[in-house]
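One structure is given here, and the rest of the page talks about it.
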Amino acid sequence: MRTPLIAGNWKMNGSTALINAFGDTFATATLPANIDVVVIPPFPYLDAARHAFQNTPLQLGAQTLNPQHSGAHTGEISGRMLKEFDVTYVLVGHSERRQLYQETDAQVFNRLVAALDVGLTPILCVGETLEERDAGRTMDVVLRQVGHAMARLEPVQRLQIVIAYEPVWAIGTGRTATPKQAQEVMAGIRSYQAGFDVSLAEQLKLLYGGSMNASNAAELLAQPDIDGGLVGGASLKTDDFYAICQSAG
Ligand code: 13P
């Protein structure tokens, strides 16, 4: 049985006021039993968030990490530092990092290993562009990204990774993948993993991301291979994010 996971990626948005609003809302909110909920704010808010979320079920995530633990890397943040702020999850290979900051599959792999090294749970993001989908290359692209990141990992490491399928054309566009389209790709990822190890594939947690909101979450989350959501825009509103969490119960 895979525990549902809802993660809110704030990207370069938010404020201390929003952190506090989440702390207040989720301190009194009743969430479905047995789901994990993670908020992923920008780095400067992590310390405020760990205090504000103390009496809530919210866990904390970060948006990226440097592959090194420390050193002369001006402007970068390491996994060890994130651990000091009670961060438990970290996004790796988000399409915005791949596209806007030229992160390669090789760099994604190094970040993944760095996260695992310090005991953070990486949320590996994969997904095709519209051009790739239209060319019928969705599965090739997604499995290339998954393969680069995971093929060289030990089975025990593969078990610790969460994969988020986020079609690039659905991110921030209001155009969600249909539940059928999302399910197809997620089933493909799971069956790829089953090629390594069937029981590991059964345990692998898969999230859908891309314009998930309070209205479409339930239908997406009802798909057999979708275990949760990675939510962008709708995670910036306490009510919407709370409603999505409710749909995961
Ligand atoms: P939106 O929900 O805003 O489409 O963003 C999805 C996303 O990129 C989450 O990581």
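The values are calculated or read from the model by the stated rules, or taken from the named source; none is laboratory data. Not measured: the values here are computed from a predicted model. Because the Cβ atoms are built from the backbone with ideal geometry, glycine has one as well, and the counts that use them run over all protein chains shown. Note: areas computed on protein heavy atoms with side chains; ligands, DNA, RNA excluded. Shrake-Rupley method; radii C 1.70, N 1.55, O 1.52, S 1.80 Å.
I need a count of the residues in the stretch 140-160 that are among the aliphatic types (A, V, I, L, M) and closer than 16 Å to Y208 by Cβ. Steps first, answer last, please.
At the first step, the residues of the stretch 140-160 found to be among the aliphatic types (A, V, I, L, M) are 141-143, 146, 149-151, 153, 156, 159.
Then drop every residue that is not closer than 16 Å to Y208 by Cβ, which leaves 142, 146.
Total satisfying the criteria: 2.
Just to be sure, is L60 part of a loop (DSSP other than H, G, I, E, B), under 20 Å from G228 (Cα atoms) and open to solvent by less than 40 Å² (accessible area, probe 1.4 Å)?
Answer is no for this residue.
Based on this model, can you work out whether V198 counts as over 27 Å from K11 (Cβ atoms), more than 16 Å from the ligand (Cβ to nearest atom), out of contact with any Gly (no Cβ under 6 Å at 6 or more places or on another chain) and of a type in the set (A, V, I, L, M)? Quick ask: steps written out before the conclusion?
Numbers: over 27 Å from K11 (Cβ atoms): yes; more than 16 Å from the ligand (Cβ to nearest atom): yes; out of contact with any Gly (no Cβ under 6 Å at 6 or more places or on another chain): yes; of a type in the set (A, V, I, L, M): yes.
Yes, satisfied.
What about I244, is it β-branched (V, I, T), over 24 Å from T56 (Cβ atoms) and modelled with pLDDT of 95 or more?
In short, no.
Just wondering, is there one or more residues in the stretch 184-195 that are within 10 Å of the ligand (Cβ to nearest atom), on the phi < 0 side of the Ramachandran plot and of a type in the set (S, T, N, Q)? If you could, list the steps in order and put the result at the bottom.
In the first step, residues of the stretch 184-195 are kept if they are within 10 Å of the ligand (Cβ to nearest atom); the result is none.
Checked the stretch 184-195: no residue is within 10 Å of the ligand (Cβ to nearest atom), on the phi < 0 side of the Ramachandran plot and of a type in the set (S, T, N, Q).
Within the stretch 202-249, which residues are within 11 Å of the ligand (Cβ to nearest atom) and surrounded by fewer than 17 Cβ atoms within 10 Å (Cβ to Cβ)?
First, pick out the residues of the stretch 202-249 that are within 11 Å of the ligand (Cβ to nearest atom): 207-213, 216-217, 229-236, 240-241, 244.
If the condition is that a residue be within 11 Å of the ligand (Cβ to nearest atom) and surrounded by fewer than 17 Cβ atoms within 10 Å (Cβ to Cβ), then no residue fits.
Report, by residue number, each residue of the stretch 159-184 that is hydrophobic (A, V, I, L, M, F, W, C) and under 29 Å from G119 (Cβ atoms).
Residues of the stretch 159-184 hydrophobic (A, V, I, L, M, F, W, C): 159, 161-164, 168-171, 177, 182.
Within the stretch 159-184, L159, I161, V162, I163, A164, I171 qualify.
Please identify the pairs in which a residue from the stretch 145-157 that is under 13 Å from V108 (Cα atoms) has its Cβ atom under 9 Å from the Cβ atom of a residue that is aromatic (F, W, Y) and loosely packed, with under 15 Cβ neighbours inside 10 Å, counting only partners at least 6 apart or on another chain.
Filtered contacts from the stretch 145-157: M150/F196; A151/F196.
Does the stretch 81-106 hold any residues that are among the acidic types (D, E), open to solvent by 40 Å² or more (accessible area, probe 1.4 Å) and more than 16 Å from the ligand (Cβ to nearest atom), and which are they?
Within the stretch 81-106, E84, D86 qualify.
Condition test on L143, is it touching a strand residue (DSSP E or B) at 6+ places or on another chain (Cβ under 7 Å) and not acidic (D, E)? Walk me through how you get there before you give the answer.
On the way: touching a strand residue (DSSP E or B) at 6+ places or on another chain (Cβ under 7 Å): no; not acidic (D, E): yes.
The answer is no for L143.
Quick check on my filter: what residues within the stretch 160-182 are more than 15 Å from the chain's Cα centre (by Cα) and away from the ligand (no atom under 16 Å from the Cβ)?
Of everything in the stretch 160-182, just one residue is more than 15 Å from the chain's Cα centre (by Cα) and away from the ligand (no atom under 16 Å from the Cβ), namely K180.
If you take the residues of the stretch 127-141 that are surrounded by fewer than 18 Cβ atoms within 10 Å (Cβ to Cβ) and touching a residue at least 40 places away in the same chain (Cβ under 8 Å), which of them is nearest to V185 (Cα to Cα)?
M139
Name every residue in the stretch 10-32 that is surrounded by fewer than 16 Cβ atoms within 10 Å (Cβ to Cβ) and in a helix (DSSP H, G or I), in order of residue number.
Within the stretch 10-32, T16, A17, N20, A21, D24, T25, A27, T28 meet the criteria.
Out of the residues in the stretch 107-126 that are open to solvent by less than 10 Å² (accessible area, probe 1.4 Å) and among the small types (G, A, S), which is farthest from the chain's Cα centre (by Cα)?
Of the stretch 107-126, the ones open to solvent by less than 10 Å² (accessible area, probe 1.4 Å) are 108, 112, 114-115, 120, 122-126.
Next cut, among the small types (G, A, S) only: 114-115.
Details: A114: 16, A115: 13 Å.
Filtering first and then ranking leaves A114.
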